[in-house]
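To keep things clear, I will list the structure first and then write my remarks on it.
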Amino acid sequence: MTVMELVNPATAEVFADVEMLDAAAVDRAVTDAQRAQRSWAGSTPASRGMALRAFAAAVEAHRRELADLEVTNSGHPLGQAMWEADHVRDVLTFYSATPERLAGRQIPVSGGVDITFAEPIGVVGVITPWNFPMTIASWGFGPALAAGNAVIVKPAEWTPLTSIRLAELAVESGLPEGLLQVLPGRGDVVGEAIIGHPGIGKVVFTGSTRTGRRVMEQAAQSVKQVTLELGGKSANIVFADSDVARAAATAPYGVFDNAGQDCCARSRILVQRSIYDEFMERLEPAVAGVRVGDPRDDGTEMGPLVSRPHWEKVASYVPDGAPVAFRGSAPDGPGFWFPPTVLTPQPDDRSVREEIFGPVVTVQAFDDEAQAVAMANDSAYGLSGSIWTENLSRAMRVSRAVASGNLSVNSHSAVRYSTPFGGYKQSGIGRELGPDAPSAFTETKNVFIAVGPDPQAEGTS
Ligand code: NAD
């Protein structure tokens, strides 16, 4: 039996271990999932909606327990972890309306009636990263269950605990055994077994672009549907005609939330040259003001990085002699602490081009709108971004011109369960959340019913 030791990122101490499963466990899970899915899809739409609301209520009742698990396992600040548990509840509640609303269509045709059915795919695999373990799992299992599927989640090796607990809560709240299963294990073992399994019809993968490419290649072997939510290197564009004070005060929270371990982190700040000096003067105290510390404390805004190997990776972007403009603070002692860091590198530096996934942001100047758009789009990624301007026409022009799936104007808007989320270019394929997410977990079946002439009407007219 292989065991994974789980380390508290704030103390660097091992606090639990988890059995890592193998490919045989995936086979067993798929058999159980298929059985559960048949009874789930066969139950009434209203009862499926009620069951999802009961699951949401169980998450609500255990929100503090789930948050505490995430604080210990992932180093997330308590306030953030509570938001994450509440977000899972909200995702389930939002999609609990789906079973009674997932309607097909009636299409006008000659010679009969044509109708479509939105049928469940069957069993869906959801492979998640370590940065937002429970929320990202719920973006997959919420709409997938709502569309009548069973779900097998493979959590990231370092952070399986909240997903495991959510699957227990699903059963405790009344969902059929086997309908939502969580299989901790290695990506190249359990992850690959899920992608290759003939009994699984779709895979939702969230993680790095490098692994996402491999997932897509492997899924191609069995022509399996994939949704990919991958990396980002998003721009925060600050124009001279913006509220510069607000843009500077909020910029740290657009990138340093979750210690920068956020696919939507606005990790490239682009500032119009005429306000560059003013912006940097205002940014420095804002960065110094980010409260970095014990994730269990109420007022903490930023915790540690998730692990030692990840700390090493982030630190490699700030070598001796790096163009550091200024830095915030971080606790000394054990734990994977890294202070918020602002760099002013050359445009071709790897810190400008690669996803760092830590509390490191680069600042560059631009001259006009066209250059700002060109710089924002000069990336293999296209996930998120912010635009700061008081000029409505400019806000609309730039929003349309930046090749990115999720933009916010005069804010660093977080993900909302009710609006679609996903990336352009190498940030991914497909969209999660929002009103259309359940459709991504269905097959459309078209049925034509021939309607002949009324035999009794023959010869009467
Ligand atoms: P990762 O790609 O290393 O791992 C993600 C998951 O894939 C893990 O569960 C891992 O075990 C599994 N995996 C690894 N190799 C596999 C294989 N060969 N087959 C199947 N599964 C395999 O990513 P990570 O380091 O855990 O997460 C960080 C990355 O995730 C960042 O690039 C970040 O931008 C991205 N991310 C994207 C989104 C989004 O919605 N676009 C959200 C969060 C994180």
Got the relative contact order for segment 276-413 handy, in percent, Cα pairs under 8 Å and 6 or more residues apart? 16
Beta bridges by DSSP in the chain, antiparallel share as percent, to the nearest 5: 40
Taking H placed 1.01 Å from N in the peptide plane, check which residues at least 5 places from Leu175 or on another chain put their amide H under 5 Å from its amide H. none
Could you tell me which chymotrypsin sites (Phe, Trp or Tyr not before Pro) in segment 26-91 are loop residues by DSSP with no more than 14 other beta carbons within 10 angstrom of their beta carbon? none
From the Cα gyration tensor of segment 259-363, with a ≥ b ≥ c the square roots of its eigenvalues, which class applies: rounded if a/c is under 1.5, or else prolate if a/b is larger than b/c, or else oblate? oblate
Reduced to Cα centres, the span from segment 167-199 to segment 208-247 in Å works out to 25
Report the local net charge at Arg273: Lys and Arg +1, Asp and Glu -1, summed over other residues whose C-beta lies under 10 Å from its C-beta. -3
Using heavy-atom solvent-accessible surface (probe 1.4 Å) with all chains present, what is the largest-first order of Asp367, Asp32? Asp367, Asp32
Net charge near Glu192, counting Lys/Arg +1 and Asp/Glu -1 over other residues with Cβ under 12 Å of its Cβ? 0
Rounded to the nearest 20 debye, dipole of the chain from Cβ charges on Lys, Arg, Asp, Glu: 860
Quick one: which residues, 5 or more positions from Val204 or on another chain, have an amide H under 5 Å from its amide H? H modelled 1.01 Å from N in the peptide plane, none for Pro or chain starts. Gly125, Val126, Ile127, Thr227
Express in Å², to the nearest 10, the accessible area of Lys425 obtained by rolling a 1.4 Å probe over the protein heavy atoms while all chains stay in place. 90
Hey, if we sort Met396, Met1 by accessible area with the 1.4 Å probe, largest down, what's the order? Met1, Met396
Residue by residue through segment 269-274, which ³J(HN,Hα) values in whole Hz follow from phi under the Karplus form 6.51 cos²θ - 1.76 cosθ + 1.60 (θ = phi - 60°), with glycine and proline marked x? 8, 10, 10, 5, 4, 5
Which value, in Å² rounded to 10, gives the accessible area of Thr227 with a 1.4 Å probe and all protein chains present? 10
Tell me which lysines have Cα within less than 18 Å of Lys154's Cα, excluding those fewer than 8 residues away on the same chain? Lys202, Lys224
Using a cut-off of 24 Å between alpha-carbon atoms, which lysines can reach Lys233, once sequence neighbours fewer than 8 places away in the same chain are excluded? Lys313, Lys425
Send over a whole-number figure in Å² for the accessible area per residue of the chain, probe 1.4 Å. 42
Take every Cα pair under 8 Å in the chain that's 6+ residues apart, average their separations, divide by the length, and report that relative contact order as a whole percent. 18
What are the residues whose amide H is under 5 Å from the amide H of Tyr317, where those residues sit 5 or more places off or on another chain and H is modelled from the backbone? none
Please give the length that would be gained between Ile107 and Val223 if that part of the chain were fully extended, namely 0.36 nm times their separation in residues minus their C-alpha to C-alpha distance (nm, one decimal). 38.9 nm
So, with a 1.4 angstrom probe, what is the percent of accessible area on the chain that is carbon and sulfur? 52
Divide by every residue of the chain the summed helix terms, -39500 (n - 2.57) for each DSSP H run of at least 4, and state the resulting mean residue ellipticity at 222 nm, rounded to the nearest 500 deg cm²/dmol. -11000 deg cm²/dmol
Output for segment 1-85: trypsin sites (Lys or Arg not before Pro) sitting in coil per DSSP, at most 13 other Cβ within 10 Å, listed by number, reads none
Which residues does a label at Ala97 reach in segment 48-66, if reach means a backbone N under 12 Å from a point 7 Å past the Cα toward the Cβ? none
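The values are calculated or read from the model by the stated rules, or taken from the named source; none is laboratory data. What you see is a predicted model; the values in this text were computed from it and never measured. Positions of Cβ are generated from backbone atoms using ideal geometry, with glycine treated the same way; all protein chains shown enter the neighbour counts. Surface areas here come from the heavy atoms of the whole protein model, side chains and all, with no ligands, DNA or RNA. Shrake-Rupley method; radii C 1.70, N 1.55, O 1.52, S 1.80 Å.
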